[in-house]
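Below is one structure, written out as C-alpha coordinates; comments come after it.
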Amino acid sequence: MLGSGRKYNKKGIRTVLDRLISDYEHLIFDYALSPELLKAFNDRVRHAENAGRDPEKFLGEEIKTYKKLKDKTVEKQCIESTMNEVRRRRLAGETFADRILNEYKKRIEHYPSVNIHQNADLEVCKLYGAMHLLDKQHWDSLASYLKRVHPRTGQMDRISIEQRFWRLVPTREGRLPEELEPYRRALTAPTTSQKNRMKEGREAIKTVAFYLHDLLEIYERGVSLVAPNQGVREAIGFVYEVISDFRISDLKRN
(Lines give C-alpha, C1' and ligand atoms only; values in the text may rest on other atoms or scores of the structure.)
Protein backbone atom coordinates (compact mmCIF):
# COMPACT_ATOMS: atom_id res chain seq x y z
CA MET A 1 0.00 0.00 0.00
CA LEU A 2 1.25 3.48 -0.94
CA GLY A 3 2.84 5.25 2.03
CA SER A 4 2.23 2.36 4.37
CA GLY A 5 5.48 2.94 6.32
CA ARG A 6 5.17 4.42 9.74
CA LYS A 7 6.80 7.77 8.91
CA TYR A 8 4.86 8.17 5.67
CA ASN A 9 1.61 7.22 7.34
CA LYS A 10 1.64 10.01 9.92
CA LYS A 11 -1.44 12.18 9.69
CA GLY A 12 0.32 15.33 8.42
CA ILE A 13 2.45 13.45 5.88
CA ARG A 14 -0.51 11.35 4.74
CA THR A 15 -2.58 14.52 4.20
CA VAL A 16 0.10 16.09 1.97
CA LEU A 17 0.52 12.84 0.03
CA ASP A 18 -3.22 12.55 -0.58
CA ARG A 19 -3.37 16.19 -1.64
CA LEU A 20 -0.54 15.69 -4.14
CA ILE A 21 -2.24 12.59 -5.55
CA SER A 22 -5.46 14.58 -5.96
CA ASP A 23 -3.57 17.47 -7.57
CA TYR A 24 -1.95 15.11 -10.09
CA GLU A 25 -5.33 13.53 -10.87
CA HIS A 26 -6.93 16.91 -11.55
CA LEU A 27 -3.98 18.15 -13.61
CA ILE A 28 -3.99 14.99 -15.73
CA PHE A 29 -7.75 15.19 -16.25
CA ASP A 30 -7.95 18.96 -16.93
CA TYR A 31 -5.07 19.05 -19.41
CA ALA A 32 -5.36 15.54 -20.89
CA LEU A 33 -1.89 14.52 -19.67
CA SER A 34 -0.51 10.99 -19.49
CA PRO A 35 -1.64 8.91 -16.45
CA GLU A 36 1.98 7.76 -16.27
CA LEU A 37 2.73 11.02 -14.43
CA LEU A 38 0.72 9.86 -11.41
CA LYS A 39 2.19 6.35 -11.62
CA ALA A 40 5.70 7.85 -11.62
CA PHE A 41 4.85 9.92 -8.55
CA ASN A 42 3.57 6.84 -6.70
CA ASP A 43 6.73 4.97 -7.66
CA ARG A 44 8.89 7.80 -6.26
CA VAL A 45 6.94 7.71 -2.99
CA ARG A 46 7.46 3.95 -2.61
CA HIS A 47 11.14 4.23 -3.43
CA ALA A 48 11.64 7.09 -0.94
CA GLU A 49 9.77 5.17 1.75
CA ASN A 50 11.74 1.97 1.18
CA ALA A 51 15.00 3.90 1.16
CA GLY A 52 14.12 5.54 4.49
CA ARG A 53 14.22 9.10 3.13
CA ASP A 54 13.04 11.92 5.36
CA PRO A 55 9.35 12.39 4.35
CA GLU A 56 9.25 16.16 4.91
CA LYS A 57 12.31 16.77 2.74
CA PHE A 58 11.02 14.36 0.10
CA LEU A 59 7.60 16.00 0.01
CA GLY A 60 9.17 19.46 -0.22
CA GLU A 61 10.98 18.34 -3.36
CA GLU A 62 7.86 16.71 -4.78
CA ILE A 63 5.74 19.80 -4.23
CA LYS A 64 8.31 21.84 -6.19
CA THR A 65 8.29 19.19 -8.94
CA TYR A 66 4.50 19.31 -9.16
CA LYS A 67 4.40 23.13 -9.26
CA LYS A 68 6.98 23.20 -12.07
CA LEU A 69 4.95 20.66 -14.03
CA LYS A 70 1.74 22.61 -13.49
CA ASP A 71 3.31 25.96 -14.46
CA LYS A 72 4.83 24.43 -17.59
CA THR A 73 1.53 22.77 -18.52
CA VAL A 74 -0.52 25.95 -17.99
CA GLU A 75 2.00 28.01 -19.95
CA LYS A 76 1.93 25.53 -22.82
CA GLN A 77 -1.86 25.57 -22.79
CA CYS A 78 -1.89 29.38 -22.93
CA ILE A 79 0.52 29.40 -25.85
CA GLU A 80 -1.56 26.82 -27.70
CA SER A 81 -4.76 28.77 -27.02
CA THR A 82 -3.15 31.97 -28.28
CA MET A 83 -1.85 30.28 -31.42
CA ASN A 84 -5.26 28.75 -32.08
CA GLU A 85 -6.87 32.16 -31.70
CA VAL A 86 -4.34 33.70 -34.07
CA ARG A 87 -5.04 30.95 -36.64
CA ARG A 88 -8.78 31.48 -36.26
CA ARG A 89 -8.46 35.19 -36.83
CA ARG A 90 -6.17 34.73 -39.82
CA LEU A 91 -8.63 32.30 -41.39
CA ALA A 92 -11.37 34.86 -40.76
CA GLY A 93 -9.25 37.50 -42.49
CA GLU A 94 -8.70 39.51 -39.31
CA THR A 95 -5.48 41.54 -39.23
CA PHE A 96 -3.45 42.64 -36.22
CA ALA A 97 -4.93 46.11 -36.58
CA ASP A 98 -8.44 44.61 -36.59
CA ARG A 99 -7.68 42.72 -33.38
CA ILE A 100 -6.41 45.85 -31.61
CA LEU A 101 -9.43 47.82 -32.79
CA ASN A 102 -11.89 45.13 -31.68
CA GLU A 103 -10.28 44.85 -28.25
CA TYR A 104 -10.42 48.63 -27.89
CA LYS A 105 -14.09 48.69 -28.85
CA LYS A 106 -14.82 46.10 -26.15
CA ARG A 107 -13.17 48.31 -23.53
CA ILE A 108 -15.38 51.30 -24.29
CA GLU A 109 -18.63 49.63 -25.37
CA HIS A 110 -20.24 49.92 -21.91
CA TYR A 111 -20.12 53.73 -22.02
CA PRO A 112 -23.17 55.56 -23.41
CA SER A 113 -22.84 57.33 -26.77
CA VAL A 114 -23.52 60.99 -27.39
CA ASN A 115 -25.51 61.38 -30.60
CA ILE A 116 -23.32 63.78 -32.58
CA HIS A 117 -23.83 62.70 -36.19
CA GLN A 118 -24.26 59.44 -38.09
CA ASN A 119 -20.67 59.70 -39.34
CA ALA A 120 -19.13 60.65 -36.00
CA ASP A 121 -16.23 58.62 -34.73
CA LEU A 122 -17.30 56.03 -32.12
CA GLU A 123 -14.44 57.02 -29.80
CA VAL A 124 -15.60 60.64 -29.65
CA CYS A 125 -19.23 59.61 -29.05
CA LYS A 126 -18.25 57.24 -26.24
CA LEU A 127 -15.73 59.59 -24.60
CA TYR A 128 -18.29 62.38 -24.32
CA GLY A 129 -20.77 59.74 -23.15
CA ALA A 130 -18.30 58.97 -20.36
CA MET A 131 -18.25 62.67 -19.46
CA HIS A 132 -22.04 62.58 -19.34
CA LEU A 133 -21.77 59.73 -16.79
CA LEU A 134 -19.24 61.72 -14.80
CA ASP A 135 -21.76 64.57 -14.68
CA LYS A 136 -24.75 62.43 -13.70
CA GLN A 137 -23.07 60.08 -11.23
CA HIS A 138 -20.07 61.87 -9.74
CA TRP A 139 -19.89 65.59 -10.42
CA ASP A 140 -21.86 66.70 -7.36
CA SER A 141 -19.34 64.94 -5.09
CA LEU A 142 -16.39 66.41 -6.97
CA ALA A 143 -17.83 69.93 -7.07
CA SER A 144 -18.53 69.83 -3.33
CA TYR A 145 -14.99 68.60 -2.67
CA LEU A 146 -13.46 71.36 -4.82
CA LYS A 147 -15.39 73.94 -2.82
CA ARG A 148 -13.94 72.55 0.42
CA VAL A 149 -10.41 72.55 -1.02
CA HIS A 150 -10.82 76.06 -2.51
CA PRO A 151 -13.40 77.78 -0.27
CA ARG A 152 -12.88 81.29 -1.66
CA THR A 153 -15.17 81.96 -4.62
CA GLY A 154 -12.50 83.67 -6.68
CA GLN A 155 -9.87 80.93 -6.59
CA MET A 156 -8.93 80.24 -10.21
CA ASP A 157 -8.27 76.50 -9.94
CA ARG A 158 -11.83 75.79 -8.93
CA ILE A 159 -13.46 78.35 -11.23
CA SER A 160 -11.49 77.18 -14.26
CA ILE A 161 -12.10 73.48 -13.73
CA GLU A 162 -15.84 74.04 -13.19
CA GLN A 163 -16.27 76.31 -16.21
CA ARG A 164 -14.38 73.91 -18.46
CA PHE A 165 -16.46 70.99 -17.20
CA TRP A 166 -19.73 72.59 -18.30
CA ARG A 167 -18.36 72.95 -21.83
CA LEU A 168 -17.82 69.16 -21.96
CA VAL A 169 -21.31 68.05 -20.92
CA PRO A 170 -24.79 68.96 -22.22
CA THR A 171 -26.32 71.79 -20.21
CA ARG A 172 -29.83 70.60 -21.06
CA GLU A 173 -31.47 67.49 -22.47
CA GLY A 174 -30.98 66.95 -26.20
CA ARG A 175 -28.22 69.52 -26.51
CA LEU A 176 -24.63 68.70 -27.47
CA PRO A 177 -21.73 69.79 -25.25
CA GLU A 178 -20.34 73.14 -26.39
CA GLU A 179 -16.90 71.66 -27.12
CA LEU A 180 -18.44 69.27 -29.67
CA GLU A 181 -19.88 72.01 -31.88
CA PRO A 182 -16.76 72.39 -34.09
CA TYR A 183 -16.72 68.63 -34.69
CA ARG A 184 -20.47 68.54 -35.44
CA ARG A 185 -20.12 71.40 -37.93
CA ALA A 186 -17.20 69.66 -39.63
CA LEU A 187 -19.30 66.49 -40.01
CA THR A 188 -22.38 68.26 -41.37
CA ALA A 189 -20.70 70.75 -43.75
CA PRO A 190 -20.48 69.12 -47.21
CA THR A 191 -17.39 71.15 -48.12
CA THR A 192 -15.32 69.97 -45.15
CA SER A 193 -12.58 67.52 -46.09
CA GLN A 194 -12.20 64.15 -44.41
CA LYS A 195 -8.82 65.33 -43.12
CA ASN A 196 -10.39 68.30 -41.33
CA ARG A 197 -13.17 66.12 -39.92
CA MET A 198 -10.58 63.77 -38.43
CA LYS A 199 -8.64 66.76 -37.10
CA GLU A 200 -11.71 68.12 -35.30
CA GLY A 201 -12.40 64.66 -33.88
CA ARG A 202 -8.88 64.46 -32.46
CA GLU A 203 -9.23 67.95 -31.00
CA ALA A 204 -12.45 66.90 -29.28
CA ILE A 205 -10.63 63.95 -27.71
CA LYS A 206 -7.65 66.06 -26.67
CA THR A 207 -9.93 68.57 -24.96
CA VAL A 208 -11.40 65.87 -22.71
CA ALA A 209 -8.00 64.26 -22.08
CA PHE A 210 -6.41 67.56 -21.05
CA TYR A 211 -9.34 68.32 -18.79
CA LEU A 212 -9.30 64.97 -16.99
CA HIS A 213 -5.55 65.18 -16.34
CA ASP A 214 -5.92 68.75 -15.02
CA LEU A 215 -8.78 67.59 -12.78
CA LEU A 216 -6.60 64.81 -11.36
CA GLU A 217 -3.76 67.27 -10.74
CA ILE A 218 -6.04 69.59 -8.76
CA TYR A 219 -7.41 66.62 -6.84
CA GLU A 220 -3.91 65.38 -5.94
CA ARG A 221 -3.00 68.83 -4.62
CA GLY A 222 -6.22 68.98 -2.63
CA VAL A 223 -5.73 65.62 -0.90
CA SER A 224 -3.05 67.11 1.34
CA LEU A 225 -5.48 69.85 2.42
CA VAL A 226 -8.84 68.06 2.71
CA ALA A 227 -9.36 64.31 3.04
CA PRO A 228 -11.72 63.02 0.31
CA ASN A 229 -14.78 61.01 1.28
CA GLN A 230 -15.90 57.75 -0.34
CA GLY A 231 -17.98 59.50 -3.01
CA VAL A 232 -15.02 61.61 -4.11
CA ARG A 233 -12.72 58.60 -4.22
CA GLU A 234 -15.25 56.76 -6.39
CA ALA A 235 -15.45 59.75 -8.70
CA ILE A 236 -11.67 59.89 -9.09
CA GLY A 237 -11.62 56.14 -9.61
CA PHE A 238 -14.08 56.62 -12.47
CA VAL A 239 -11.82 59.30 -13.99
CA TYR A 240 -8.86 56.92 -13.90
CA GLU A 241 -10.98 54.22 -15.56
CA VAL A 242 -11.96 56.55 -18.38
CA ILE A 243 -8.35 57.58 -18.96
CA SER A 244 -7.30 53.92 -19.07
CA ASP A 245 -10.20 52.64 -21.20
CA PHE A 246 -9.79 55.37 -23.81
CA ARG A 247 -5.98 55.10 -23.78
CA ILE A 248 -5.42 58.81 -23.12
CA SER A 249 -2.99 58.47 -20.21
CA ASP A 250 -0.20 60.08 -22.24
CA LEU A 251 -2.41 62.75 -23.80
CA LYS A 252 -1.48 65.59 -21.47
CA ARG A 253 -0.89 69.29 -21.87
CA ASN A 254 2.75 70.12 -22.68
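The values are calculated or read from the model by the stated rules, or taken from the named source; none is laboratory data. A quick note: this is a predicted structure, and the numbers were derived from the prediction, not measured. Reconstructed Cβ throughout: ideal geometry from the backbone, glycine too, with neighbour counts over all protein chains shown.
Numerical summary
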| item | result |
| --- | --- |
| Region 51-93, residues that are at pLDDT 85 or above and loosely packed, with under 10 Cβ neighbours inside 10 Å | Ala51, Gly52 |
| Qualifying residues in region 114-146 (those that are among the charged types (D, E, K, R) and over 15 Å from Leu212 (Cβ atoms)) - the one surrounded by the most Cβ atoms within 10 Å (Cβ to Cβ) | Asp121 |
| Complete set of residues in region 214-248 that are touching a helix residue (DSSP H, G or I) at 6+ places or on another chain (Cβ under 6 Å) and more than 19 Å from Ile161 (Cα to Cα) | Asp245, Phe246 |
| Top-ranked residue of region 203-246 - restricted to ones that are over 17 Å from the mean Cα position of the chain (by Cα) and acidic (Asp, Glu), ranked as surrounded by the fewest Cβ atoms within 10 Å (Cβ to Cβ) | Glu220 |
| Leading residue by the ranking (farthest from Lys136 (Cα to Cα)) among those in region 192-250 that are outside any helix (DSSP H, G or I) and of a type in the set (Val, Ile, Thr) | Thr192 |
| Test: residue in region 154-171 that is crowded, with 19+ Cβ neighbours inside 10 Å and modelled with pLDDT under 90 | yes |
